[in-house]
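A.B. asks: To start, I am sharing the structure in question, which I have written as structure tokens.
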Amino acid sequence: MTVKSTARARKKAAPGVPDNLRNKGKDAQPELVQLLTPEGERVENPEFPLVITPEELRALYRDLVLVRRFDAEATSLQRQGELGLWASLLGQEAAQVGSGRAMRPGDYAFPTYREHGVAWCRDVDPLNLLGMFRGVNHGGWDPNEKNFHLYTIVIGAQTLHATGYAMGITKDGTDDAVIAYFGDGASSQGDVSEAFTFASVYNSPVVFFCQNNQWAISEPTTVQTRIPLYRRALGFGFPGVRVDGNDVLACLAVTRWALDHARSGNGPVLIEAFTYRMGAHTTSDDPTRYRPTEETEAWKAKDPITRLKAYLDREGLADEAFFAGIEAESEELGLRVREGVRSMPDPDPTLIFDHVYAEPHALVEEERAEYEAYAASFEGGENN
Amino acid sequence: MAGQLSIAKALNEALRKSLENDPKTLLMGEDIGKLGGVFRITDGLQKDFGDDRVIDTPLAESGIMGTAIGLALRGYRPVVEIQFDGFVYPAFDQIVSQLAKMHSRALGHVKMPVTVRIPYAGGIGAVEHHSESHEAYFAHTAGLRVVSPSNAHDAYWMLRQAIESDDPVIFLEPKRRYWDKGEVGDSAGLSLHEARVVRQGADATLIAYGPMVKVCLEAAAAAEEDGRSLEVVDLRSLSPVDFDALEQSVKRTGRGIVVHEAPVFMGMGAELAARLTERCFYHLEAPVLRVGGYHAPYPPSRVEEAFLPDLDRVLDAVDRALAF
Ligand SMILES: Cc1ncc(C[n+]2csc(CCOP(=O)(O)OP(=O)(O)O)c2C)c(N)n1
Ligand SMILES: [Mg+2]
């Protein structure tokens, strides 16, 4: 045996690294967990078995449709000037509903600003989400009521909060788990790497759920990474999985597995949900400046709702009456959202001084009084 | 430069000229390439100068700032774009602990010709973190120069001067004025750190910078109808401050009122009021007053008008100053 071939053989053996954790290099084909093909055919994956009843399948379908409807309504409300901004989740419904429905009631979600589908699964009133996009509050809901944290706009910051929350769960000795949502762009932030490190060394029950929607505003994923994002986990010492983010069943099965893995004391998991941002980054964005329409067209064929509907149809799991019922519910939701937003009262400006501190603060009180006196000086004028 | 340019276009032209003049000048930031930045300030520059000079970076502000420092060490002249005011904080450590101190720690052996462009301040109806005025943090940090233009002419010339500076410059762009148009003259007229009297008056001096200069000019115009003559000084530079110009004006009018969007408490106005009191004590007819934001997070957009100083709040302060 020549020295050269020994070296090669030694490299191949890579002692101590289990096969699934080995860095396969950037040319290796990433494995994608899929349970429902774009054509709506059910496939099995031995590592992620999913037993699901027809009723549960219909419930997932309902979630997907209603979430999309809510999102479309918000987009048009922004166009009508009722909202200042909207970040659409179009195309990402399956990633959000699949992972959202994998959570148990005691689990906790830390969203970005796009997780409207997860909010839906956590039973957060859709109108609550619209307050910050209308400009009447900065979030406003009680995060602990539904175990759904406030939207976080500063990219990546919430992944550390999620990790700290998970560290607390470990200290409390309960079997809850946490999901930290973030995007492909966010994967570059130092905060996200730090969250991976903390979660790993403290073996925290947190699932990092990255929706790789291929774009961070105008930047394609290639600006952020040279390897598939799920493989980043290996370097931090925990498992990473790539799942078809437009396949609600795969997202459900993989997230359920990951949450159970985490809650049983095995530490964090990174899930990369491979999906696509079908719309603009937000209503302020113009994607025609940076991405080819052919790309968007190609992803249309992988639509998460179409494929579940195809499956339900093919297997005869839902009838016309069911679909008609969902359609009616969707109309109702649209109406409720429209009317709810239009009748949202403008807040009183003194809210500026509310809740700045939990305990009284002399300067805030002084400025509040100053403001009130000033506003009162316009009696009968434009401020009244 | 012929015709009227918006502030946005003037900045774009200044970047273009800087890239043309010096092959070591680089632009770095999120979405500054094909998109041209979310405010289109870098529009067309990547196409014309290539993606190795107009660089779309990973989404990581500390990374952008830290690597800009490294590039400067290697002889480059990076111009960094931070997408919005509220997103500079991940880079804050690199700015205050590294960028600001590098020249001094190296006893002058290295220079940090890094320009950090930040669209700042409010008034555009944005969501959280997109409307902040954080100039005091930067002005408080020795080693950083801090400037903010209020019109197209200054936007163009001050950005060129900032890029040419061998010190780090925090360049604060008043985002709600990006689309305001003005003439851009053929030469800068002033050095980077000089203030400009933009309206002459006799009864009181309004001191402002960036987005508030326009508000003060409107207030002065309105006051004129009431027979009050207000001087308006555009500070332009927040570190260093052109105290000589301020002193001259305030000694003449006997009253100074500082106007900024940032919270009043511990803001620029506190320093300006203190120094002007020291310099002009025997000339003052009233204490130097401050108009600004409150000691509270920047509010949701539906009530931001109540937070932002406007014509009425400026005139209210003028009344108070004149009533002394
Ligand atoms: C720290 C920080 N920097 C910049 C921004 C501006 N910004 C908002 S969203 C975004 C892109 C995020 O991309 P990604 O993480 O992929 O999430 P996506 O929007 O695609 O869901 C950027 C740069 C921000 N919000 N926070
Ligand atoms: Mg993305």
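A.B. asks: Suppose the filter is assigned by TED's automatic domain parsing to the domain that holds B:Lys214, of a type in the set (S, T, N, Q) and surrounded by 22 or more Cβ atoms within 10 Å (Cβ to Cβ); does B:Ser301 pass it?
C.D. replies: So B:Ser301 fits the description; yes.
A.B. asks: What are the residue pairs meeting all of these: first residue in the range A:212-227, first residue in contact (Cβ under 8 Å) with a residue 12 or more places away in the chain and open to solvent by 20 Å² or more (accessible area, probe 1.4 Å), second residue assigned to a strand (DSSP E or B) and of a type in the set (Lys, Arg), Cβ atoms under 6 Å, and 6 or more apart or on different chains?
C.D. replies: No pair meets every condition.
A.B. asks: Ok, one more. Going through the range A:244-283 one residue at a time, which ones are of a type in the set (Lys, Arg) and more than 20 Å from A:Arg104 (Cα to Cα)?
C.D. replies: A:Arg277
A.B. asks: Here is a check on your reading of the model: is A:Leu335 open to solvent by 60 Å² or more (accessible area, probe 1.4 Å), in a helix (DSSP H, G or I) and modelled with pLDDT of 95 or more?
C.D. replies: yes
A.B. asks: How many residues does the range B:81-112 hold that are touching an Asp or Glu at 6+ places or on another chain (Cβ under 6 Å), more than 14 Å from chain A (Cβ to nearest Cβ) and surrounded by 23 or more Cβ atoms within 10 Å (Cβ to Cβ)?
C.D. replies: Number satisfying all stated conditions: 0.
A.B. asks: Let me ask something else about it. Is it the case that B:Ala139 is under 13 Å from the mean Cα position of the chain (by Cα) and within 24 Å of B:Gly108 (Cα to Cα)?
C.D. replies: In short, yes.
A.B. asks: Taking the range A:269-303 on its own, how many of its residues are within 16 Å of ligand 1 (Cβ to nearest atom) and either assigned to a helix (DSSP H, G or I) or within 11 Å of chain B (Cβ to nearest Cβ) (or both)?
C.D. replies: The qualifying residues number 12.
A.B. asks: Counting only residues that are within 14 Å of chain A (Cβ to nearest Cβ), free of Cβ contacts under 8 Å to residues at least 40 places away in the same chain and not hydroxyl-bearing (Ser, Thr, Tyr), how many does the range B:276-296 have?
C.D. replies: Total meeting the criteria: 6.
A.B. asks: Quick check on my filter: what residues within the range B:311-324 are more than 11 Å from every other protein chain (Cβ to nearest Cβ) and either of a type in the set (S, T, N, Q) or surrounded by 18 or more Cβ atoms within 10 Å (Cβ to Cβ) (or both)?
C.D. replies: B:Val314, B:Leu315, B:Val318, B:Ala321, listed by residue number.
A.B. asks: In the range B:203-247, how many are touching a strand residue (DSSP E or B) at 6+ places or on another chain (Cβ under 9 Å) and under 21 Å from B:Tyr282 (Cβ atoms)?
C.D. replies: Matching residues across the range B:203-247 total 8.
A.B. asks: Checking the conditions here, which among B:Arg255, B:Arg228 is of a type in the set (D, E, K, R) and crowded, with 22+ Cβ neighbours inside 10 Å?
C.D. replies: Of B:Arg255, B:Arg228, the one residue that is of a type in the set (D, E, K, R) and crowded, with 22+ Cβ neighbours inside 10 Å is B:Arg255.
A.B. asks: Out of the residues in the range A:227-263 meeting the condition of being within 14 Å of another protein chain (Cβ to nearest Cβ) and within 16 Å of ligand 1 (Cβ to nearest atom), tell me which one is nearest to the chain's Cα centre (by Cα).
C.D. replies: Among those that are within 14 Å of another protein chain (Cβ to nearest Cβ) and within 16 Å of ligand 1 (Cβ to nearest atom), it is A:Leu229.
A.B. asks: Which residue is nearest to ligand 1 (Cβ to nearest atom), if the candidates are limited to the range A:133-192 and must be part of a helix (DSSP H, G or I), more than 12 Å from every other protein chain (Cβ to nearest Cβ) and over 27 Å from B:Tyr298 (Cβ atoms)?
C.D. replies: A:Thr163
A.B. asks: Could you tell me which numbered condition A:Asn266 fails, if it satisfies all but one of (1) away from ligand 1 (no atom under 16 Å from the Cβ); (2) farther than 25 Å from A:Arg79 by Cα; (3) crowded, with 18+ Cβ neighbours inside 10 Å?
C.D. replies: (3)
A.B. asks: Going by the conditions given, is A:Asn128 more than 13 Å from the chain's Cα centre (by Cα) and touching a residue at least 40 places away in the same chain (Cβ under 8 Å)?
C.D. replies: Answer is no for this residue.
A.B. asks: Okay, moving on. Can you pull out the residues in the range B:148-168 that are in contact with an Asp or Glu (Cβ under 9 Å, 6 or more places away or on another chain) and outside any helix (DSSP H, G or I)?
C.D. replies: B:Ser148, B:Pro149, B:Ser150, B:Asn151
A.B. asks: Can you name the residue in the range B:23-47 that is among the acidic types (Asp, Glu) and open to solvent by less than 30 Å² (accessible area, probe 1.4 Å) and, of all such residues, is nearest to the other protein chains (Cβ to nearest Cβ)?
C.D. replies: Checked the range B:23-47; the qualifying residue nearest to the other protein chains (Cβ to nearest Cβ) is B:Asp31.
The values are calculated or read from the model by the stated rules, or taken from the named source; none is laboratory data. Predicted model, so just to flag it, every value in this text is computed and none were measured. Positions of Cβ are generated from backbone atoms using ideal geometry, with glycine treated the same way; all protein chains shown enter the neighbour counts. Each accessible area value is taken on the protein alone, full model and side chains, heavy atoms only, with ligands, DNA and RNA left out. Shrake-Rupley method; radii C 1.70, N 1.55, O 1.52, S 1.80 Å.
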